[in-house]
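Enquirer: There's a structure below that I have some questions on.
The values are calculated or read from the model by the stated rules, or taken from the named source; none is laboratory data. Since the structure is predicted, the reported quantities are computational estimates derived from the model, not experimental observations. Please note: Cβ atoms are built from the backbone with ideal geometry, for glycine as well, and neighbour counts cover all protein chains shown. What goes into the accessible areas is simple: the full protein's heavy atoms, side chains included, and nothing from ligands, DNA or RNA. Shrake-Rupley method; radii C 1.70, N 1.55, O 1.52, S 1.80 Å.
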Amino acid sequence: MKRKSEGGSESLCEPPAKHGDAHPARLEQQTTSCVEAQLVAESPFEEQYRPEEKIRTVVVENFPSLGKAAAFRFLEWVQENPNGVCSLPTGKTPEYFIKWVQHILGEWESSTMQDEISKLGLRVRKPVLEGLTFVQIDEFYPISPSQHNSFHHYVMEYYIKGFGLDAKKALLMDCSKIGLQDLDASYGVTGEPEDHLKVDRMEDVWPDGHVDLSLRSREPTSRLERLQQRVLRQVDQWCAEYEMKIRELGGIGFFMGGIGPDGHIAFNCEGCDHFSTTRLDQLNYASQAAAAGDLGGIEAVRRRKVITIGLGTMTYNPKCVALICAAGEAKAEVVRNAVQEKAHVKFPATALHKLPRACFFVTAGAAKLLIRRQVALLESLEVIDEPLIERVLVALSSRLRKRLLDLTKDDVSSCPLAACAVARSGQPLAKLTEAVKASLVAKIERGCGVRENTKFLHTEPHHDDIMLGYLPSVLRHTRVVSNHHHFVCGTSGFNSVSNRHMLLLLQRVEKFLKSPTFDRLQAEKYFEMKGDAHLDFRRRDVWKFLDGIAASDDELRDEGAARRFIANLCDIFGDAPDDSKAILARVLSLKGYFSNRYAGQKDEKAVQTMKGSCREFEAECVWGYIGWQIPNVSHLRLGFYTSDIFAPEPTQSRDVMPILKLLRQVKPDVVSVALDPEASGPDTHYKVLQAATAAIQQYAEEEKREDITIWGYRNVWFRFEPHEVSTIIPVSLQTISTLNHMFLNSFESQKDAEFPAYEIQGPFCAMSQKVQVQQYDMIEACLGYEWFHKHPSPLIRAARGLVFLKEMPLQQLLAESRALRKQTEQS
């Protein structure tokens, strides 16, 4: 239901163009794109809502549609610029862009594709890409281009080879060589050559991979630092020459990129000069955390620096078509800042405002905070329901730090969304605020209740999702003797276990192998993974680990972990449990293996399984804290979970059937699922949700169960808004302390936060605490400080955090899962 003003212009008066802004008439003249025009025509929104929005923004239905839209816009540009200069992104952002470009070109002659081409206004002749000059956007430094997680490798694999571009014309970043070329001979005070300043390998310059940029401005204190300083000078010169080559080409004609958690474009982080050029630079923490998954942990990222083109590089060509693509609600805030804020170094993407042909391509989730678009959606609704009123009034109350009942008409008028919703509701403000307060109170009271005589199946995509998502509710329900609990993780989680952690575990195992305790256990056939005693032995691994935690005895704790590691090692690699020499040889072999792997390198299948088994043991220790153990803890290792950049989709036989089998075994009354919103494509949480939903549906049909209750939860990655949930669970400081203790002691592989959340420098339990406290702060603003602290219930009086939970019947889960699938996958 598009709301357009007459003549196609905005209904609000446009201010005169300011210095540095594109004049509207000039904008219309220079941004002619048939593809963009068609996308806007199919969207419920205009391309730009001035004066709030400073750059054009196209909203598409889902992540694959984002890739499809960008692909057609790119090919439209190629038709107009067959010998143009382009820069395309790496990582997950261009997954569907790459697939669609290849699909469109491969099916160009088909009637179906010709219809699509005609509709979008492309020319009939097929675009030819081999005439393009490719410019690599950024790269870690130092890194070998042979590493599969280097951006150079990605560019070669998916763009040079995948698109058939000319490698000889491309400007690429080989960060195994940059800085080593043209090192002039140097002579010491005695006139002899300084041989230590002549090197051929980056490893000789940066032995530990750490690049010290302070050498740009201080005197070196050693021979090695003298060498490093000379190399840095050469790197800076290389960057200047790279920039010059781009400008000699006329600048970049087509730029496509994603947007980072701090709003970074390429590796131009928050605070970056809008006129910056190609340079060697350092990432801020948020960008380091976001890149940790690519490089095998944040320590590997911290040691390295990055070479990136600058914001000035991108905007040098005033005719550059610059597309910034963003998908999912997690990107909503940075999209809002980039689109609605004035040009400022705090928001790197605002540098693109000056480009008439720049445009944001975003999904509905990423556009969630663009105020005029949300008002347009609200105005198009036929009914203003209670959840919508709750959404806008809670947001207003929280922002103003005023109780709901204290909100005034002037307060409502200050917020376009609230003003529109309240006006269209036809109800007095006092009545609406009273209803929202009653709704919040009812949700909190529901969160204080506890079920009895109930069978729970708690599911999680990763091994810490339940803990981070809704542990307070788990703790309360596990104290009821009549309840039965089963905990299951969908994936093995090997991608989150660093090589450094594996070396730590192997060191413990090597020490344990030399102990008399190992000899005694080996004689008892303790490490056998078969037989009646196997289950009891594996429980004893956990007991020993937890005994060590309770006694503050690290050696006892380490012994428990070592016991399980040896049992898993023999099972996975096939070594005989009674052959001490073979086990020791395997341990030494693995130590050599991990010592010689670069961070993030794809592991062998057996090693992936070994890493995953470490995460599985950690999860058993977590639930052992509260008295639940195998066989009430399961590990499914669903097959869709891989280390590939573009992982496969779930299948019925491989991924749904294991969950269905468990459902038949447990016969649950309540099933929990991680219910994340639209993300940046089909990620692990999304895939586990789809597999779990399919399994629950099949099980309900088999058993004719219509009484299954679903608990939808979120954790540190995404958050519910109060209007989206049915239950709000009070969290005391005691519970927060318990969560932190369980996490830091059990999840050893995660406590150093090798793969952290970008919002906080610390482990995920700290992030979970932050979320719970922020949610409490929001509701406290709405209800008032005294409502909590003078409440008759000690559970509510003790609350310092809140957990949001969405309880629903199975049919609602099926509907939400289908809607999410429509948002996330290609129709």
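Enquirer: Scan segment 560-581 for residues that are surrounded by fewer than 16 Cβ atoms within 10 Å (Cβ to Cβ) and among the hydrophobic types (A, V, I, L, M, F, W, C) and jot them down.
Expert: Selection gives ALA576 alone.
Enquirer: Just a yes or no: is a residue in segment 443-454 more than 30 Å from ASP669 (Cβ to Cβ) and surrounded by fewer than 22 Cβ atoms within 10 Å (Cβ to Cβ)?
Expert: No.
Enquirer: Those residues that are surrounded by fewer than 20 Cβ atoms within 10 Å (Cβ to Cβ) and within 23 Å of GLY328 (Cα to Cα), I need them from segment 55-80; list them, please.
Expert: Once the filter is applied, which keeps residues that are surrounded by fewer than 20 Cβ atoms within 10 Å (Cβ to Cβ) and within 23 Å of GLY328 (Cα to Cα), segment 55-80 yields only GLU61.
Enquirer: Residue pairs, Cβ under 7 Å, 6 or more apart or interchain, first in segment 791-818 and among the hydroxyl-bearing types (Ser, Thr, Tyr), second surrounded by fewer than 18 Cβ atoms within 10 Å (Cβ to Cβ). List them.
Expert: Close Cβ pairs (under 7 Å, with a partner that is surrounded by fewer than 18 Cβ atoms within 10 Å (Cβ to Cβ)) amount to SER793/CYS448.
Enquirer: Oh, and also: Would you confirm whether or not segment 692-704 contains a residue that is buried (at least 23 other Cβ atoms within 10 Å of the Cβ) and among the small types (Gly, Ala, Ser)?
Expert: Among the residues of segment 692-704, at least one is buried (at least 23 other Cβ atoms within 10 Å of the Cβ) and among the small types (Gly, Ala, Ser), which makes the answer yes.
Enquirer: If a residue must be open to solvent by 40 Å² or more (accessible area, probe 1.4 Å) and modelled with pLDDT of 95 or more, how many such residues does segment 147-163 contain? Give the steps one after another, and end with the answer.
Expert: The first filter runs over segment 147-163 and keeps only residues open to solvent by 40 Å² or more (accessible area, probe 1.4 Å), leaving 148, 153, 156-158, 161.
Now narrow it down to the ones that are modelled with pLDDT of 95 or more: 153, 156-158, 161.
Of the residues in segment 147-163, 5 are open to solvent by 40 Å² or more (accessible area, probe 1.4 Å) and modelled with pLDDT of 95 or more.
Enquirer: Quick check on my filter: what residues within segment 391-402 are of a type in the set (Lys, Arg) and assigned to a helix (DSSP H, G or I)?
Expert: Scanning segment 391-402 gives ARG391, ARG399.
Enquirer: Quick one: count up the residues across segment 333-355 that are open to solvent by less than 60 Å² (accessible area, probe 1.4 Å) and over 16 Å from ALA286 (Cβ atoms). Please lay out each step first, then the result.
Expert: So in segment 333-355, the residues open to solvent by less than 60 Å² (accessible area, probe 1.4 Å) come out as 334-335, 337-340, 347-353, 355.
Cutting the leftovers down to over 16 Å from ALA286 (Cβ atoms) gives us 339-340, 350-353, 355.
Of the residues in segment 333-355, 7 are open to solvent by less than 60 Å² (accessible area, probe 1.4 Å) and over 16 Å from ALA286 (Cβ atoms).
Enquirer: Of the residues LYS402, LYS409, only one is within 34 Å of the chain's Cα centre (by Cα), at pLDDT 95 or above, over 30 Å from SER613 (Cα atoms) and not hydrophobic (A, V, I, L, M, F, W, C); which?
Expert: Testing whether each residue is within 34 Å of the chain's Cα centre (by Cα), at pLDDT 95 or above, over 30 Å from SER613 (Cα atoms) and not hydrophobic (A, V, I, L, M, F, W, C) leaves just LYS402.
Enquirer: Within segment 275-299, take every residue that is in contact with a Gly (Cβ under 7 Å, 6 or more places away or on another chain) and more than 27 Å from ALA364 (Cα to Cα) and give me the one that is most open to solvent (accessible area, probe 1.4 Å).
Expert: Checked segment 275-299; the qualifying residue most open to solvent (accessible area, probe 1.4 Å) is PHE275.
Enquirer: Turning to a different aspect of this structure: Determine if segment 717-727 includes at least one residue that is out of contact with any helix residue (DSSP H, G or I) (no Cβ under 9 Å at 6 or more places or on another chain) and touching a residue at least 12 places away in the same chain (Cβ under 8 Å).
Expert: no
Enquirer: Could you tell me whether any residue of segment 734-756 is of a type outside the set (Lys, Arg), touching a strand residue (DSSP E or B) at 6+ places or on another chain (Cβ under 7 Å), open to solvent by 20 Å² or more (accessible area, probe 1.4 Å) and within 26 Å of ARG446 (Cβ to Cβ)?
Expert: no
Enquirer: Conditions first: (1) closer than 25 Å to ALA290 by Cα; (2) in contact (Cβ under 8 Å) with a residue 24 or more places away in the chain; (3) acidic (Asp, Glu); (4) not in a strand (DSSP E or B). GLU130 passes all but one, so which condition is the exception?
Expert: The failed condition is (1).
Enquirer: Kindly indicate whether any position in segment 100-115 is in contact with a strand residue (DSSP E or B) (Cβ under 6 Å, 6 or more places away or on another chain), assigned to a loop (DSSP other than H, G, I, E, B) and open to solvent by 40 Å² or more (accessible area, probe 1.4 Å).
Expert: Checking segment 100-115: not a single residue is in contact with a strand residue (DSSP E or B) (Cβ under 6 Å, 6 or more places away or on another chain), assigned to a loop (DSSP other than H, G, I, E, B) and open to solvent by 40 Å² or more (accessible area, probe 1.4 Å).
Enquirer: Taking the options LEU369, LEU405, name whichever one is in a helix (DSSP H, G or I), in contact with a Lys or Arg (Cβ under 7 Å, 6 or more places away or on another chain) and closer than 27 Å to GLY784 by Cβ.
Expert: LEU405
Enquirer: Can you pull out every residue in segment 584-633 that is of a type in the set (Gly, Ala, Ser), at negative phi and crowded, with 21+ Cβ neighbours inside 10 Å?
Expert: Selection gives ALA599, GLY612, SER613, ALA619, GLY624.
Enquirer: Then there's this: Restricting to helices (runs of 4 or more DSSP H) lying wholly in segment 575-687: which have 3 or more residues that are among the polar types (S, T, N, Q)? I'd like the intermediate steps shown before the answer.
Expert: Numbers: elements: 580-595, 605-624, 657-666.
It comes to 580-595, 605-624.
Enquirer: A follow-up question, please. Only one residue in ALA799, ALA815 is crowded, with 17+ Cβ neighbours inside 10 Å and of a type in the set (A, V, I, L, M, F, W, C), so which one is that?
Expert: Among ALA799, ALA815, only ALA799 is crowded, with 17+ Cβ neighbours inside 10 Å and of a type in the set (A, V, I, L, M, F, W, C).
Enquirer: Conditions: (1) over 19 Å from GLU816 (Cβ atoms); (2) open to solvent by 10 Å² or more (accessible area, probe 1.4 Å); (3) of a type in the set (Phe, Trp, Tyr). PHE718 meets all but one. Number of the miss?
Expert: (1)
Enquirer: Within segment 510-526, identify whether any single residue is within 33 Å of the chain's Cα centre (by Cα) and hydrophobic (A, V, I, L, M, F, W, C), and answer yes or no.
Expert: No, segment 510-526 has no match at all.
Enquirer: What about THR308, is it touching a Lys or Arg at 6+ places or on another chain (Cβ under 8 Å), on the phi < 0 side of the Ramachandran plot, surrounded by fewer than 24 Cβ atoms within 10 Å (Cβ to Cβ) and among the hydroxyl-bearing types (Ser, Thr, Tyr)? Can you show your working first?
Expert: Numbers: touching a Lys or Arg at 6+ places or on another chain (Cβ under 8 Å): yes; on the phi < 0 side of the Ramachandran plot: yes; surrounded by fewer than 24 Cβ atoms within 10 Å (Cβ to Cβ): no; among the hydroxyl-bearing types (Ser, Thr, Tyr): yes.
So THR308 fails the test.
Enquirer: Out of GLU219, GLU225, GLU203, GLU192, report the one residue that is closer than 20 Å to TYR598 by Cα and either at pLDDT 90 or above or open to solvent by 50 Å² or more (accessible area, probe 1.4 Å) (or both).
Expert: Among GLU219, GLU225, GLU203, GLU192, only GLU203 is closer than 20 Å to TYR598 by Cα and either at pLDDT 90 or above or open to solvent by 50 Å² or more (accessible area, probe 1.4 Å) (or both).
Enquirer: Would you point out which residue out of VAL474, VAL497, VAL481 is more than 22 Å from the chain's Cα centre (by Cα) and crowded, with 17+ Cβ neighbours inside 10 Å?
Expert: Result of the check over VAL474, VAL497, VAL481: VAL474.
Enquirer: While we're here: Kindly indicate whether ARG233 is closer than 19 Å to THR133 by Cα and out of contact with any Leu (no Cβ under 6 Å at 6 or more places or on another chain).
Expert: No: the conditions fail for ARG233.
Enquirer: To continue, here is another question. For the condition within 30 Å of ALA585 (Cα to Cα) and in contact with a helix residue (DSSP H, G or I) (Cβ under 8 Å, 6 or more places away or on another chain), what is the one hit in VAL436, VAL509? Explain how you work it out, then say what you get.
Expert: Details: VAL436 fails: within 30 Å of ALA585 (Cα to Cα).
On inspection, the qualifying residue turns out to be VAL509.
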